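In what follows, a structure is listed as structure tokens, so that the remarks can point back to it.
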Amino acid sequence: MRNTFGKTTAMAAVLAATTGMAQAEDVEVLHWWTSGGEAAALSVLKQNLETEEIGWIDMPVAGGGGEAAMTTLRARVTSGDAPTAVQMLGFDIQDWAAEGVLGNLNDVAEAEGWDAVVPEALQAFSKYDGNWVAAPVNVHSSNWVWANKAVLDELGIEEPKTWEEFVAALQAAKDAGKTGLAHGGQPWQEATIFDGVVLSVGGPEFYRAALIDLDAEALGGEQMVEAFNRMGTLRSFVDDNFSGRDWNLASAMVINGDAAFQIMGDWAKGEFVNAGKVPGEDFLCFRVPGSDGAVSFLSDQFAMFAQGDDAAKEAQAKMASAIMSPEFQIAFNTVKGSVPSRTDVDASPFDSCAQKGMEQLAAASESGSLVGSMGHGHANRAAVKNAMYDVITAHFNGEFTAEEAADELVNAVEAAQ
Ligand code: BGC
């Protein structure tokens, strides 16, 4: 691992070369980190920048998956007032880069050797036309289940290993008067569940064919019907008040013991940790049963919008450098629930869920079982993603049978392309 002195010296050289030593200024950061755990992680970032004498102007727009944030961003850019740095996922980064409005982080990336430490799967989104346009702050994944351990112990339920065991465990919780599955009825939350369910039905091959390659046979075939059937099964274990509920309130139901399980990305762990809960003791983390070995990943990246003046560019370079430092990656990701976006970070400061996540990420990458999360913009561009959201949510709310939903998925995806 590079020492702090080496890094600081390299940065100083970059800044001197690229900015003529202009004064750093504020950064305005557009993001959707508004839950308790997310706010705690955000303050790690703010404090880190403060030590670099970079001021923080907060621009929060709530909503997982970033749909609402991206709508706000579009309006800001259209009115000629782009924020300095924007939390962004996957294909959105590529779309904005294609519009020619993002800055270039090549100098800092080269000085700090990002090419050698950031996994290729992330670089595919951080770079456009071979240039670094965004700094990846983490890796999350969506095919996780979070369980209240005391509730499981009370009901005599072991960690479910197969889909059938999972359904039996949900039923046992329901029979005991608990909510089986804590869920918030918002399209992105249903799409998050869908990532894990598709993997549980047909593994990474089917996931890739359907959600990434958009193969019509996979999108509309028997395995997709089975995926929708499984979504229907899950629907039968949510409570009556699920509609519109925020994801962190669903996490709170598991934390409080009102519900047994939540299927959610590992930002949910940030909520458990923020509530003082300990993995293995108070809660369990495991992959959606049937999806073991596969990982549907996403990475929060900060895309930098091109700036005219040198001080603003300097602040962006400093922010990117701060984000990429191994020390920051540990401080931030232990709170956020994610794992580092660089391969050379020591795993020992992380809790057991994160260590499991890091091992599984490396193993999935090795075996070809690492796939981009559809729910979080890493499988396809926004138009296709939104088309999928619509069908998944309509089915979840009883508008389509599983067969109809699979047909609708083919049509909606075709129309969106
Ligand atoms: C982001 C996470 C965030 C979650 C819920 C995801 O799209 O990648 O960082 O915690 O949404 O807000």
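Answer rounded, prolate or oblate for segment 231-296, using the Cα gyration tensor with square roots of eigenvalues a ≥ b ≥ c: rounded when a/c is under 1.5, else prolate when a/b is larger than b/c, else oblate.
Numbers: a/c = 1.76, a/b = 1.06, b/c = 1.66.
Judged from the Cα gyration tensor, segment 231-296 comes out oblate (a/c at least 1.5, b/c at or above a/b).
Along Cα→Cβ, 7 Å out, is where each label goes; now give me the distance between the ones at residue 77 and residue 243 in nm to one decimal.
3.4
Run through the DSSP bridge list for the chain and note the antiparallel percent, rounded to the nearest 5.
Details: 22 of 36 bridges.
Antiparallel bridges make up about 60 percent of those DSSP assigns within the chain.
Out of the total accessible area of segment 205-341 (probe 1.4 Å, heavy atoms of protein only), what percent is carbon and sulfur? Intermediate values should be presented prior to the final figure.
Numbers: 1860 of 4290 Å².
Carbon-and-sulfur percentage of accessible area, whole number: 43.
Given a 1.4 Å probe and the protein chains all in place, what does the accessible area of residue 158 round to, in Å² to the nearest 10?
Surface accessible to solvent at residue 158 totals approximately 150 Å².
Under 11 Å from the Cβ of residue 49, count the other residues' Cβ atoms, weight Lys and Arg +1, Asp and Glu -1, and hand me the total. Don't skip to the answer; put the middle values down first.
Values: positive: 46, 318; negative: 26, 50, 52, 53.
Within the 11 Å Cβ shell, the charges total -2.
Assuming a ≥ b ≥ c are the square roots of the Cα gyration tensor eigenvalues, decide whether segment 292-417 counts as rounded (a/c under 1.5), prolate (otherwise, with a/b larger than b/c) or oblate. Don't skip to the end; give the middle numbers.
Values: a/c = 2.89, a/b = 1.49, b/c = 1.94.
The shape class here is oblate.
Show which aspartates and glutamates lie in cross-link reach of residue 46 when reach means a straight Cα distance below 13 angstrom and same-chain residues fewer than eight apart are skipped.
Excluding near neighbours in sequence, the set is 26, 28, 38, 58.
For segment 132-287, what class follows from the C-alpha gyration tensor (a ≥ b ≥ c being the square roots of its eigenvalues): rounded when a/c is under 1.5, otherwise prolate if a/b is larger than b/c, else oblate?
Details: a/c = 1.83, a/b = 1.29, b/c = 1.42.
Since a/c reaches 1.5 but b/c is at least a/b, the shape of segment 132-287 is classed as oblate.
How much accessible area does residue 378 have with a 1.4 Å probe, in Å² rounded to the nearest 10?
Surface open to solvent at residue 378 totals about 10 Å².
Could you grab the Rg to Rh ratio for the chain? Cα atoms only, Kirkwood for Rh. Can you show the working numbers first?
Values: Rg = 21.1 Å, Rh = 21.7 Å.
Across the chain, the Cα-based Rg/Rh ratio is 0.97.
Which FRET efficiency value, to the nearest 0.05, do you get for residue 110 and residue 414 by plugging their Cβ-Cβ distance into 1/(1 + (r/R0)^6) with R0 = 60 Å? Let's see the in-between values first.
Details: r = 42 Å, r/R0 = 0.70.
The pair residue 110/residue 414 has a calculated efficiency of 0.90.
Measuring with a 1.4 Å probe in the full set of protein chains, what accessible area per residue, in whole Å², belongs to the chain?
Details: 15510 Å² over 417 residues.
On a per-residue basis, the chain sits at 37 Å².
Just subtract the alpha-carbon distance of residue 397 and residue 47 from 0.36 nm times their residue separation and send over the number in nm, one decimal. Write down the numbers at each step before the final one.
Numbers: separation 350, 0.36 × 350 = 126.00 nm, distance 4.24 nm.
Extending this stretch completely gives an extra 121.8 nm.
In whole Hz and in residue order, list the ³J(HN,Hα) couplings for segment 213-221 that follow from phi through the Karplus curve 6.51 cos²θ - 1.76 cosθ + 1.60, θ = phi - 60°; x for Gly and Pro.
Per-residue couplings from phi come out as 7, 6, 5, 4, 5, 6, 5, x, x Hz.
Among 218, 260, 197, whose Cα lies farthest out toward the positive end of the dipole of segment 193-297, if unit charges sit on the beta carbon of Lys, Arg (+1) and Asp, Glu (-1)?
260
Given the convex hull of the Cα atoms of segment 57-207, what is a quarter of its surface area in nm²? Each step should come with its number before you reach the end.
Details: hull surface 50.8 nm².
For segment 57-207, the mean projected area of the Cα convex hull comes to 12.7 nm².
Which one of 105, 401, 55 is farthest out on the positive end of the charge dipole of the chain, using unit charges on Cβ (Lys, Arg +1; Asp, Glu -1) and the Cα centre as origin?
Looking along the dipole axis, the top candidate is 55.
The values are calculated or read from the model by the stated rules, or taken from the named source; none is laboratory data. Quantities reported herein were computed from a predicted structural model and do not represent experimental measurements. When we count neighbours, we look across all protein chains shown, and the Cβ atoms used for this are built from the backbone with ideal geometry, even at glycine. Remember, those area values only see protein heavy atoms, side chains included, never the ligands or the DNA or RNA. Shrake-Rupley method; radii C 1.70, N 1.55, O 1.52, S 1.80 Å.
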